[in-house]
Amino acid sequence: MTRIEKHNSKDRRKATEPDKEIKQLRKQINQLVQSLEQKRGQRCFLLETGILPSLVDDVYSELRTEYKNLDGKLDVIVNSPGGDIDAAYNLATLFGRYGNQKLTFIIPRWAKSAATLLVCAGDEILMTPVAEMGPLDPQITEINPMEERFEQFSPLHIQTTIEMIRNEYEKGSKDLAEGLLKRLQFPLTLGSFVKAHEIAKQYLIRLLKDRMEKTGKLSAPPDIIAESLTRGYADHGFCINVAEARRIGLNAQEIEDEILTLVWDLYGLLRQEDEIRRNQRGKEIMKAIEKLPPGILEKIKSKVKETQKEEGK
């Protein structure tokens, strides 16, 4: 029984139509995973969520109970937008313990951000033709106290901003430079943000040296690959497909034939399940909003309109 099935079994509410659809989809997903295990001749773990610290506990519990009799060979299917870099590193070393003879990460479609760190922890990466990894520049969310709103940025943006301020000073535009400087947060805080890059780089170098480099399949040194993934791309959403992954030196291969069919069918089912869950959450949110007092409801609508107006600029 998977983590999701265990969670659902605790829900004593009357099963709705979407619940029944999810249960049926989950049955099909498990069957495809079993078919993949038979074709590949080794156990397979499905990781299909964002990476949070609590996920480490869940995965460890499942590995201890459901994956006791491994022969040291393990496939891990990763479909994840990323998440916490420290948790990703912890998961990477955990999977390495269970797949101590052969550890393969399979990407149907997404293994972005911190999930990219995770999939670099094995002996090889198998990707569909449309699978994507992504840069490892950490994404930081902070409150902008001057404008009372959240901002998301990469440490690379800080370096670009500082360079821009320096250029404005050199060109004689001191007023503009000083205005930009005032908007920056406390220097020690900025320093800790920039340091986040080094953390991601160190984690990646350690993982590549522990596994992929030892197989002799890397076509570039671990530190060069880590530099590319942490600083080599202009945007956090950059598409690192199988060809790009190989170009920077990773041992990435394209999935073919029957295995590709199984992996892609599995991804299709995961998409269907995710869409049903999103619709469920949307309906629950709307019901909760409808119960709010009129005054609060109007404030929420006003705030939404302001946000949409800001995003449209």
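The values are calculated or read from the model by the stated rules, or taken from the named source; none is laboratory data. Quick caveat, the model's predicted, so the values are computed rather than measured. With ideal geometry, Cβ positions are generated from the backbone for all residues, glycine too; neighbour counts draw on all protein chains shown.
Annotations for the structure displayed:
- Residue selected from segment 212-225 under the condition outside any loop (DSSP other than H, G, I, E, B) and surrounded by 20 or more Cβ atoms within 10 Å (Cβ to Cβ), by the criterion farthest from the chain's Cα centre (by Cα): Pro222
- Condition check for Ile106: touching a Phe, Trp or Tyr at 6+ places or on another chain (Cβ under 6 Å), surrounded by 24 or more Cβ atoms within 10 Å (Cβ to Cβ) and outside any helix (DSSP H, G or I): no
- Considering only residues in segment 226-244 that are buried (at least 20 other Cβ atoms within 10 Å of the Cβ) and closer than 19 Å to Ile107 by Cα, the one that is modelled with the lowest pLDDT turns out to be Leu229.
- Every residue from segment 226-251 that is assigned to a helix (DSSP H, G or I) and either closer than 18 Å to Ala115 by Cβ or touching a Leu at 6+ places or on another chain (Cβ under 6 Å) (or both): Ala226, Ser228, Leu229, Thr230, Val242, Glu244, Ala245
- Extreme residue, surrounded by the fewest Cβ atoms within 10 Å (Cβ to Cβ), among residues of segment 25-55 that are more than 24 Å from the chain's Cα centre (by Cα) and not in a helix (DSSP H, G or I): Gly41
- For segment 223-266, the set of residues classified as out of contact with any strand residue (DSSP E or B) (no Cβ under 9 Å at 6 or more places or on another chain) and among the hydroxyl-bearing types (Ser, Thr, Tyr) consists of Ser228, Thr230, Thr261, listed by residue number.
- Filter pass, Leu118 being out of contact with any Gly (no Cβ under 8 Å at 6 or more places or on another chain), in a helix (DSSP H, G or I), surrounded by 12 or more Cβ atoms within 10 Å (Cβ to Cβ) and modelled with pLDDT of 95 or more: yes
- Among residues of segment 84-110 that are without any contact (Cβ under 8 Å) to a residue 24 or more places away in the chain, those with a beta-carbon under 9 Å from a residue that is surrounded by fewer than 20 Cβ atoms within 10 Å (Cβ to Cβ) and in a helix (DSSP H, G or I) at least six positions away or on a different chain give the pairs Arg97/Leu63.
- Hey, Ile259 within 26 Å of the chain's Cα centre (by Cα), modelled with pLDDT of 95 or more and closer than 30 Å to Thr230 by Cβ or not: no
- Pairs linking a residue in segment 8-32 that is assigned by TED's automatic domain parsing to the domain that holds Gly268 to a residue that is surrounded by 11 or more Cβ atoms within 10 Å (Cβ to Cβ) and modelled with pLDDT under 90, with Cβ atoms under 6 Å and 6 or more positions apart or on different chains, are Pro18/Gln280.
- Matching residues in segment 56-79 - criterion: being touching a Gly at 6+ places or on another chain (Cβ under 8 Å) and surrounded by fewer than 21 Cβ atoms within 10 Å (Cβ to Cβ): Leu70, Gly72, Lys73
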